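Peer 1: Handing you a structure now.
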Amino acid sequence: MANNALIQMENLTKVYGDATPALDSLNLTVNRGEIFGYLGPNGAGKTTTIRLLLDLIRPTQGRASIFGLDVKADSVEIRKRIGFLPGELNLWDRLTAREIVNYLGNLRGGVDNAYVKQLAERLSFDMSKRMRTYSTGNKRKLGLILALMHKPDLLILDEPSSGLDPLMQQTFNQLMLEAKANGQTVFLSSHVLNEVQAICDRVGILRAGKLQAVETVERLTHVDFRRVTITFRDKVAPSLVSGVTGVTSVSADNTNVLSMQLQGDFDPLLKAINSTYVQDIHIEEPTLEDIFLTFYGGQPANHREKATV
Amino acid sequence: MRGVIFWQTLRHHWRQALYWGGGIGLLGLLILLMIPNVDILQQYARLLEVMPPAMMQAFGVTDISQVTTPEGFLAFSYFSYMMLIMGAYAVGAGLNVTAVEEDRGILDVLLSAPISRTQLMIEKILAYSVIILLIILVSFGFLAAGAVFSIPMDMGKLFAGSLNMLPASLTVLGFTVFVGAWVRVRTTALAISAGFVVVGYFFDFIGRAASESVINVLTKISYYSYYGGGQFMSTGVVWGNVAILIAVGLILFVAGVAVFQRRDIGL
């Protein structure tokens, strides 16, 4: 194991029943002190990876280690140093958040109550209510407090900011950056690129159970293109825009609607359509799949995942 | 950290001992209040004499004179049925060990804490065993009150008869823990475990009714036969049966822990 490696997965495979592998021969290393974004559409295998790391499920093949310890044989030792936020937080409905924090904190030998209070204040979270009364966003905040309260060496967060409003998203980003500054490592899964873009050092892209790439965020997000759909008042030919600098994949879905992929500046395209009457221009940011395919060559898929940049 | 789950489970479920123990005990108290003197019991025994012997055997009465004593009447009308209610509680408790929290996704968070699956199960099993004991003690309190205010009874037998529900309850708890650990889905575990309780009762009932036939073998595979609540006042504690029930319960606990230790959680 490399000295700097905190999480190491070797040939990690998980097959449920006789189906296609949910995770297929994953080899991935997460370094100490980095914020690693684990990106992929729903069903790509992100949660399966996290559950394997937490020893909630067992690999069909391969192995994983955290802190140099085997995730199965040394799971209790590893979990002392991990903070976990599941994708969907389910807890005891009749307990208050404070009771839950105390219970799970006691399982860790107690936590710093002043720090818990500070976290609750930063997240604008009322700890006195029963779990069943919390909204999705508030449950997410409680989940973050539970993950952070014992200042773990490693944070494993499954879709951490889903359900958080934009203001809380900013607070979350700050908390993650502070964690990094404190030497903590963060492994977070997401299907939202701008979430990882803001805070992650590196990103791994998972697709259909296979790790497609591991890149720095800078490199990945320098793929500069958009999908543009222009609605004209009158019928136009695709040749109106094909050949324009930066424009590719032109398609005419309707007699007066042209769709295309635009890379680079808008100016050449706007000049090309200058003489026509434009009713509407719709600009779509590329999906993860689009970025991935563009980044590594090939055409963006027609099937669009629900991911945004 | 050791003991946290045990105390948390006790802290949040100890009231169940009052509700269940109170409910069961109140039923026993009412039965005792209905028998102001032994004459009533003798009249009742004469009524029962007209019933077919097989039917009486099914209810655990081999000699009608058993019913003419307060203790015997209580065994017939209370202890022979109360195990069904205790069984129902033990099923609910057994499901709470893993199945309920796994079904709700709570185990994902709980098992991200530094505790092993084995520790989680053992602490919960111990906590629910204590609660079952508390239920029995609370119910005994009501019976004792009945014996004081209604009809004099042998308190020692009454206490032993109440405690006699513990081994069979632990067997049902063990069975449910095992099924919950094995099948994962709470509703399926509930159905199988409830079936175990009810079928156990009917196997005992039918086996006793047909004591002369081959069907009697059913009593050998029913936990209810080893409980023997209906005959307890005449037989006293049958230590062999107690040992069998506790041993089966322990084997099921260990098997449940072993199954749970090896499998994926929450799928």
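What follows draws every value from the coordinates through simple rules; no lab data is involved. Values in this document were obtained by computation on a predicted structure and should not be read as measured data. FYI the Cβ positions are ideal-geometry reconstructions off the backbone, even for glycines, and counts take in every protein chain you see.
Peer 1: By a straight-distance test (C-alpha under 29 Å), which lysines pair with A:Lys271 as possible cross-link partners, with residues fewer than eight away in the same chain excluded?
Peer 2: Filter leaves A:Lys235.
Peer 1: Among B:Met155, B:Leu245, B:Asn216, which residue has its Cα positioned farthest towards the positive end of the charge dipole of the range B:111-267, with +1 placed on the Cβ of Lys and Arg, -1 on the Cβ of Asp and Glu, and the dipole taken about the Cα centre?
Peer 2: Comparing the listed Cα positions along the dipole, B:Leu245 ranks first.
Peer 1: Once phi is turned into θ = phi - 60°, what whole-Hz ³J(HN,Hα) does the Karplus curve with 6.51, -1.76 and 1.60 give for every residue of the range A:175-188, x standing for Gly and Pro?
Peer 2: So the J values, rounded to whole Hz, are 4, 5, 5, 5, 4, 5, 4, 7, x, 7, 10, 10, 10, 10.
Peer 1: So in the protein assembly as shown, what percent of DSSP beta bridges are antiparallel if you round to the nearest 5?
Peer 2: Details: 38 of 56 bridges.
Taking every DSSP beta bridge with both residues in the protein assembly as shown, the antiparallel ones total about 70 percent.
Peer 1: Oh, and also: Kindly provide the pair-distance distribution of the range A:172-269 built from C-alpha pairs, with 5 Å bins from 0 and whole-percent values in order of increasing distance.
Peer 2: Distribution as computed: 2, 11, 17, 14, 12, 11, 11, 10, 7, 4, 2, 1 percent.
Peer 1: Sort B:Val185, A:Val192, B:Val177, A:Val71 by Cβ crowding within 10 Å, fewest neighbours at the top. Write down the numbers at each step before the final one.
Peer 2: Working: B:Val185 12, A:Val192 18, B:Val177 33, A:Val71 23.
Listing B:Val185, A:Val192, B:Val177, A:Val71 from fewest to most nearby Cβ atoms yields B:Val185, A:Val192, A:Val71, B:Val177.
Peer 1: By how many degrees, 0 to 90 and rounded to 10, does the Cα axis of helix B:80-97 deviate from the longest principal axis of chain B?
Peer 2: Relative to chain B, helix B:80-97 is tipped by roughly 0 degrees.
Peer 1: Pairing the Cα long axis of helix B:165-183 with the longest principal axis of chain B, what angle in degrees results, from 0 to 90 and rounded to the nearest 10?
Peer 2: Rounded to the nearest ten degrees, it is 30.
Peer 1: Right, another one. Using R₀ = 41 Å, calculate the FRET efficiency as 1/(1 + (r/R₀)^6) where r is the Cβ-Cβ separation of A:Asp126 and B:Arg2; round to 0.05.
Peer 2: Working: r = 32 Å, r/R0 = 0.78.
So the FRET efficiency works out to roughly 0.80.
Peer 1: If you don't mind, there's one more thing I want to ask. What span do the alpha-carbon atoms of the range A:83-163 cover on each of the three principal axes, reported in whole Å from largest to smallest?
Peer 2: Between the extreme Cα coordinates on each principal axis of the range A:83-163 lie 27, 25, 22 Å.
Peer 1: Okay, next question. Please compute, over every Cα-Cα pair in the protein assembly as shown, the percentage with a separation greater than 33 angstrom. Each step should come with its number before you reach the end.
Peer 2: Details: 94856 of 165600 pairs.
Cα-Cα pairs of the protein assembly as shown separated by over 33 Å account for 57 percent.
Peer 1: Beyond 29 Å, what share of the Cα-Cα pairs of chain B is found? Please give it as a whole percent. All intermediate terms of the calculation are to be shown ahead of the outcome.
Peer 2: Details: 12506 of 35511 pairs.
The share of Cα pairs beyond 29 Å in chain B comes to 35 percent.
Peer 1: In addition: Taking chain B as a Gaussian network, where each spring joins two C-alpha atoms under 10 Å apart, which residue of B:Leu95, B:Leu190, B:Leu32 fluctuates the most?
Peer 2: B:Leu190
Peer 1: Roughly what % of DSSP beta bridges within chain A run antiparallel, to the nearest 5? Could you put the intermediate results ahead of the total?
Peer 2: Working: 38 of 56 bridges.
Of all bridge pairs located within chain A, approximately 70 percent are antiparallel.
Peer 1: Which whole-number percent is the relative contact order of chain B (Cα, under 8 Å, 6+ apart)? It would help to have the intermediate numbers written out before the result.
Peer 2: Values: 398 pairs, mean separation 79.2, N = 267.
With pairs under 8 Å counted, the relative contact order is 30 percent.
Peer 1: With springs only between Cα atoms under 10 Å apart, run a GNM on chain A and tell me which of A:Phe84, A:Phe232, A:Phe36 wobbles the most.
Peer 2: A:Phe232
Peer 1: Right, something else. Pulled fully out, how much extra length does the chain show between A:Glu178 and A:Glu285, if you take 0.36 nm times their separation in residues and subtract their Cα-Cα distance?
Peer 2: Details: separation 107, 0.36 × 107 = 38.52 nm, distance 2.97 nm.
Result for the pair: 35.6 nm of gain on full extension.
Peer 1: For labels at A:Asp267 and A:Leu167 in the simple 7 Å Cα→Cβ model, what's the distance in nm?
Peer 2: It works out to 4.1 nm between the two label points.
Peer 1: Just to be sure I understand the model, the point goes 7 Å from the Cα along the line to the Cβ. What's the resulting A:Asn194 to B:Leu48 distance in nm?
Peer 2: Rounded to a tenth, the inter-label distance reads 7.9 nm.
Peer 1: Can you tell me the FRET efficiency between A:Arg219 and A:Ser251 if r is taken as the Cβ-Cβ distance and R0 is 35 Å, rounded to the nearest 0.05? All intermediate terms of the calculation are to be shown ahead of the outcome.
Peer 2: Numbers: r = 29 Å, r/R0 = 0.83.
About 0.75, to the nearest 0.05.
Peer 1: Over 24 Å between Cα atoms: which of A:Lys117/A:Lys180; A:Lys46/A:Lys141; A:Lys14/A:Lys139; A:Lys72/B:Lys124 fall into that group?
Peer 2: On the way: A:Lys117/A:Lys180 21 Å; A:Lys46/A:Lys141 21 Å; A:Lys14/A:Lys139 29 Å; A:Lys72/B:Lys124 22 Å.
A:Lys14/A:Lys139, as the Cα separations exceed 24 Å there.
Peer 1: Now for a different question. Using Cα atoms only, what is the angle between the long axis of helix A:97-107 and the major principal axis of chain A, expressed in degrees (0 to 90) to the nearest 10?
Peer 2: Once rounded, the angle reads 60 degrees.
Peer 1: Over the alpha-carbon set of the range A:1-147, work out the extent along each principal axis and list the three values in angstrom, largest first.
Peer 2: Extents along the principal axes, in whole Å: 45, 35, 25.
Peer 1: So what does the Cα-only Debye profile of the range B:70-197 read at q = 0.12, 0.13 Å⁻¹, as log10 I(q)/I(0), no solvent term?
Peer 2: -0.52, -0.59
Peer 1: Per-residue ellipticity at 222 nm for chain A, helices alone: DSSP H runs ≥ 4 residues times -39500 (n - 2.57), over residue total, nearest 500 deg cm²/dmol? Each step should come with its number before you reach the end.
Peer 2: Values: 10 runs with 88 residues, N = 309.
When only DSSP H runs of four or more count, the value is -8000 deg cm²/dmol.
Peer 1: How fast does the range B:198-267 diffuse by Stokes-Einstein, in µm²/s, taking the Kirkwood radius from C-alpha pairs at 25 °C and 0.890 mPa s? List each step's numbers first, then the result.
Peer 2: Values: Rh = 13.9 Å.
The Stokes-Einstein estimate is 176 µm²/s.
Peer 1: Once you charge only the Cβ atoms, +1 for Lys and Arg and -1 for Asp and Glu, what is the size of the charge dipole of the protein assembly as shown about its Cα centre, to the nearest 20 debye? Don't skip to the end; give the middle numbers.
Peer 2: Details: 48 positive and 47 negative charges, 130 e Å.
Taking the Cα centre of the protein assembly as shown as origin, the dipole is about 620 debye.
Peer 1: From the helices alone, meaning DSSP H stretches of at least four residues, give me the mean residue ellipticity at 222 nm for chain B, per-run term -39500 (n - 2.57), in deg cm²/dmol to the nearest 500.
Peer 2: Numbers: 14 runs with 198 residues, N = 267.
So the calculated ellipticity at 222 nm is -24000 deg cm²/dmol.
Peer 1: I'd like the Karplus ³J(HN,Hα) series for the range B:212-228: coefficients 6.51, -1.76, 1.60, θ = phi - 60°, whole numbers in Hz, and an x wherever there's a Gly or Pro.
Peer 2: Per-residue couplings from phi come out as 8, 9, 5, 4, 4, 4, 4, 5, 6, 9, 9, 4, 5, 5, 6, 5, x Hz.
Peer 1: Relative to the compact-globule scaling 2.2 N^0.38 Å, provide the ratio for the alpha-carbon radius of gyration of the range A:39-102. Numbers along the way, then the final one.
Peer 2: Numbers: Rg = 14.2 Å, N = 64, 2.2 N^0.38 = 10.7 Å.
Dividing the Cα Rg of the range A:39-102 by 2.2 N^0.38 Å gives 1.33.
Peer 1: Right, here's the next one. Kirkwood hydrodynamic radius (Cα pairs, Å) of chain A?
Peer 2: Over chain A, the inverse of the mean reciprocal pair distance is 21.5 Å.
Peer 1: How big is the convex hull of the Cα atoms of the range B:159-200, per residue, in Å³? List each step's numbers first, then the result.
Peer 2: Details: hull volume 2.5 nm³, N = 42.
That works out to 60 Å³ per residue.
Peer 1: Under a point-charge model restricted to the Cβ atoms of Lys and Arg (+1) and Asp and Glu (-1), what is the dipole moment magnitude of chain B relative to its Cα centre, in debye to the nearest 20? Before the final figure, lay out each step's value.
Peer 2: On the way: 14 positive and 13 negative charges, 142 e Å.
Computed charge dipole of chain B: roughly 680 debye.
Peer 1: Starting from the exponent 0.38 and prefactor 2.2 Å, build the expected Rg for the range A:180-229 from its residue count and divide its actual Cα Rg by it.
Peer 2: Numbers: Rg = 12.8 Å, N = 50, 2.2 N^0.38 = 9.7 Å.
Rg over 2.2 N^0.38 Å, computed on Cα atoms: 1.32.
Peer 1: To continue, here is another question. For the charge dipole of the range A:1-158, defined by +1 on Lys and Arg C-beta atoms and -1 on Asp and Glu C-beta atoms about the Cα centroid, which residue among A:Ile145, A:Thr133, A:Pro59 has the Cα displaced farthest towards the positive pole?
Peer 2: Of A:Ile145, A:Thr133, A:Pro59, it is A:Thr133.
Peer 1: Still on this structure, please answer the following. Over the alpha-carbon set of the range A:1-86, work out the extent along each principal axis and list the three values in angstrom, largest first.
Peer 2: For the range A:1-86, the Cα extents along the three principal axes come out at 35, 26, 25 Å.
Peer 1: Can I ask one more? Sequence-distant or interchain residues sharing an amide H contact under 5 Å with A:Glu34, placed H: which?
Peer 2: A:Val186
Peer 1: How much space per residue, in cubic angstrom, does the convex hull of the C-alpha atoms of the range A:90-213 take up?
Peer 2: Values: hull volume 15.0 nm³, N = 124.
Once divided by residue count, the hull of the range A:90-213 is 121 Å³.
Peer 1: Quote the charge dipole size of chain A about the Cα centre in Debye, to the nearest 20; the model charges only the Cβ of Lys and Arg (+1) and of Asp and Glu (-1). Mind dumping the intermediate values first?
Peer 2: On the way: 34 positive and 34 negative charges, 190 e Å.
The dipole magnitude comes to about 920 debye.
Peer 1: ³J(HN,Hα) across the range B:154-162 via Karplus (A = 6.51, B = -1.76, C = 1.60, θ = phi - 60°), whole Hz, x for Gly/Pro?
Peer 2: Along the range B:154-162, the couplings run 6, 4, x, 5, 4, 5, 5, x, 5 Hz.
Peer 1: If you don't mind, there's one more thing I want to ask. Report the label-to-label distance for A:Glu88 and A:Asn42 in nanometres (one decimal), using points 7 Å from each Cα along the Cα→Cβ vector.
Peer 2: Simple spin-label model gives 1.0 nm for this pair.
Peer 1: Give me the aspartates and glutamates in straight-line cross-link reach of B:Lys157: C-alpha distance below 18 Å, same-chain residues under 8 apart excluded.
Peer 2: The reachable aspartates and glutamates, counting only those whose Cα sits under 18 Å from B:Lys157, are B:Glu71.
Peer 1: As I understand it, the dipole of the protein assembly as shown uses +1 on the Cβ of Lys and Arg and -1 on the Cβ of Asp and Glu, about the Cα centre. Which of B:Met165, B:Ser112, A:Pro41 lies farthest toward its positive end?
Peer 2: Result: B:Met165.
Peer 1: When the Cα centres of the range A:140-214 and the range B:114-132 are compared, how far apart do they sit, in Å?
Peer 2: Their Cα centres are 33 Å away from one another.
Peer 1: Give the order of A:Glu284, B:Glu49 when sorted by the count of other beta carbons within 10 angstrom, beginning with the fewest.
Peer 2: On the way: A:Glu284 15, B:Glu49 11.
Neighbour counts put them in this order, fewest first: B:Glu49, A:Glu284.
Peer 1: Long-range amide H contacts for A:Leu85: which residues qualify at under 5 Å (H placed 1.01 Å from N, peptide plane, sequence gap of 5 or more or a different chain)?
Peer 2: A:Ile156, A:Leu157, A:Asp158
Peer 1: Which of A:Asp265, A:Asp18, A:Asp74 moves most in a GNM of chain A, Cα contacts under 10 Å?
Peer 2: A:Asp18
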